[in-house]
Amino acid sequence: MKIGLFGFGCVGQGLWKVLHETKGVKAEIGRICIKNAEKPRPLPAHFFTTNPDDILNDPDIDIVVELIDDAETAFRLVSAALKQGKSVVTANKKMIAHHLPELHALQQKTGASLLYEGACCASIPIIRNLEEYYDNDLLTSVEGIFNGTTNYILSKVFEENKTFDEALQLAQENGFAESDPRLDLEGFDPKYKLCILLLHAFGVFVEPEAVFHFGIHRLNAFDAEFARRRGGSLKLVARCYRQGDQVGAYCIPRFVPGNHRYASVRNEYNAVTLESAFSEQQVFVGKGAGDKPTGCAVLSDISALRYQYKYEYRKWQQNGSFFNTSDTELQLYVRYSTGASVADADFTEITERFMSGDTHYTIGRIPVRKLQRAAWLSDPRVSVVEIN
Ligand SMILES: NC(=O)c1ccc[n+]([C@@H]2O[C@H](COP(=O)([O-])OP(=O)(O)OC[C@H]3O[C@@H](n4cnc5c(N)ncnc54)[C@H](OP(=O)(O)O)[C@@H]3O)[C@@H](O)[C@H]2O)c1
C-alpha cells in the first residue's frame, strides 16, 4: 500500500514512527503534503510537497491519510481523494462532525472507504467496536472522558495543585492540545466526538450546533476547592443516550467522587463507558491524545484497508430514532459573581445556596433546553458543573 500523507505535525510524525516500528503493516509513505515549505523536517526533502495534487493525482497512491489541523481544507482534501476513488483515513473530528452526511454520501457514491478511529478518543478502538461488536445489542448510553487535553489539565490542577493556566501550558508543551485551545477548553472537541458516536451508536446524524456543550474554561480555584471538600474532583464528561425512540447528548464538567471509576482516569487518558441491555456496563480506558497513541489508531485503520474494510453505519440502517435532548434535566452547581443574572426561574428545583463576599452558588435541577437558551451562561462570571 502506498500512502499519501497530509500533515506532518504531532500525529503525522506519530504515524511515521509507529509505521516504522511495527512489522505487521506493509505500507509505505510516498509523499507528505505540508503547509510551510520553510519548516525544518526530520526526513529528506524529497518526501515533502506543498502541492496537494502531488498526492491527489498520483495514481500510485492508493491511500490518503489526512492529519492536518484545518477542518475546512481537510474536508476539501478528503472529498477530492474519495472522488478519485482513493480510500481515506483521518483523525479530524471537527471536519467529520461538521460534514458527516456529505462524507457518508460520498462513500456510498464512490465506493471508497473513509475510516476515522483516531478521531474519537485516539487510541481507544470505539468506533469499530460500535460498528462490529455492538451492532445487535440495545445500547442505552455511551459516555465518558473524551478529551485528553482537559483531562490532563484537570489532573494537574487536582493532583499537583497547578493553576489552570500552568496546566494548559504543560498540555501544549506535550502536544496534546489542539492548535486552537478553545476547541479543547470550551468543550467543542468532545462535542464533535459525540456527534460521530451518535451516528455509530444510535444511527442519527446530528449537527454539532444542536448539541449542548460547556467546557472547563470557566472553572476556577473556588470550583476546584468545592469538589475537593466533597471528596472528589472534576472531569469533563460527554454523554449520549437513548430514551425510547429519542436520542440525546450533552457535554459538561462533572463532579466525580473519589471512588468513581473516572477518578482514576488521569492525565491524557480517556474513558468510554457503554451501557447496553444485554452486556450491561463496559468501560474502555486508553490514551486519548499524543503522537504514537493517535498514530497507532490511524495505523490500525490503514491496516483495515488491506481487507477493504468500510463502516457499514449499521445503526443508521436500523434507524427509527430522533434527536431531542431538551427535556433532560441536569442536577447542576452554578457558581457566579455578584451582578451575574443567574435566574432562579430556570431551575425546576433548588436544593442548596451559598453566598460569601462576591462568590455565590446555587445547586438545583435545570432542563437542557433552559441551559441552551440561558443568557447568563455566556457571562464569564458564571461556571457550571453537573453533580449527581
Ligand atoms: N494531537 C493529538 O493528540 C490528536 C489526537 C487525536 C486527533 N488529532 C487530530 O489530528 C489532526 C492533526 O493534529 P496534530 O496535533 O498532528 O496537528 P499539528 O501538530 O498542529 O500538525 C498539523 C500539520 O498539518 C499541516 N497543515 C496545516 N494546514 C495544511 C494544509 N492546508 N495543507 C497541508 N498541510 C497542512 C501542518 O503543516 P506545517 O508542518 O507546515 O505547519 C502540520 O504539519 C487534527 O485534526 C487533530 O484534531 C490530534
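The values are calculated or read from the model by the stated rules, or taken from the named source; none is laboratory data. Owing to the predicted nature of the structure, the values given are computational and were not obtained by experimental measurement. Note that each Cβ is placed from the backbone with ideal geometry, even for glycine, and that neighbours are counted across all protein chains shown. Heads up: the accessible areas ignore ligands, DNA and RNA and are worked out on the full protein's heavy atoms, side chains in. Shrake-Rupley method; radii C 1.70, N 1.55, O 1.52, S 1.80 Å.
Structural remarks
- Residue ranking by accessible heavy-atom surface, 1.4 Å probe, largest first, among THR150, THR50 comes out as THR50, THR150.
- Of the residues HIS260, PHE205, THR351, the one whose Cα sits farthest toward the positive end of the charge dipole of the chain, with +1 on the Cβ of Lys and Arg and -1 on the Cβ of Asp and Glu, is HIS260.
- The residues of segment 329-386 expose on average 46 square angstrom of accessible surface per residue, using a 1.4 Å probe on protein heavy atoms.
- Average 1/r across all pairs of distinct alpha carbons in the chain, invert it, and you get the Kirkwood radius: 21.7 Å.
- Helical mean residue ellipticity (222 nm; -39500 (n - 2.57) per DSSP H run of 4+; nearest 500) of the chain: -10000 deg cm²/dmol
- Per residue accessible area of segment 40-196, 1.4 Å probe, in Å²: 38
- Its Cα gyration tensor gives segment 188-266 an equivalent ellipsoid. The semi-axes, each the square root of 5 times an eigenvalue, are 27, 14, 10 Å from largest down.
- Protein accessible area in segment 329-386, 1.4 Å probe - carbon and sulfur %: 47
- Sulfur and carbon atoms: percent of accessible area, segment 2-119 [1.4 Å]: 50
- When the alpha carbon coordinates of segment 2-119 are projected onto the principal axes, the ranges are 38, 32, 26 Å, largest first.
- Structural descriptor for the chain: relative contact order 18 percent, calculated from alpha carbon pairs under 8 angstrom and at least 6 residues apart.
- Ranked packing of 91-98, 103-110, most packed first, by mean Cβ within 10 Å: 91-98, 103-110
- Placing a label point 7 Å from the Cα of THR351 along the Cα-to-Cβ direction, the residues of segment 231-256 whose backbone N falls under 19 Å from that point are 231-235, 237, 252-256.
- In the chain, the longest principal axis of the Cα atoms and the axis of helix 291-304 are about 50 degrees apart.
- Check: the chain dipole with +1 on Lys, Arg Cβ and -1 on Asp, Glu Cβ, in debye: 360
- Measuring how big segment 267-388 is from its alpha-carbon positions, Rg and Dmax come out at 21.2, 64 Å.
- Extension gain from ASN57 to LYS26, taking 0.36 nm per residue of separation minus the Cα-Cα distance: 8.9 nm
- P(r) tail, segment 325-374: Cα-Cα pairs separated by more than 16 Å, 37% of all pairs.
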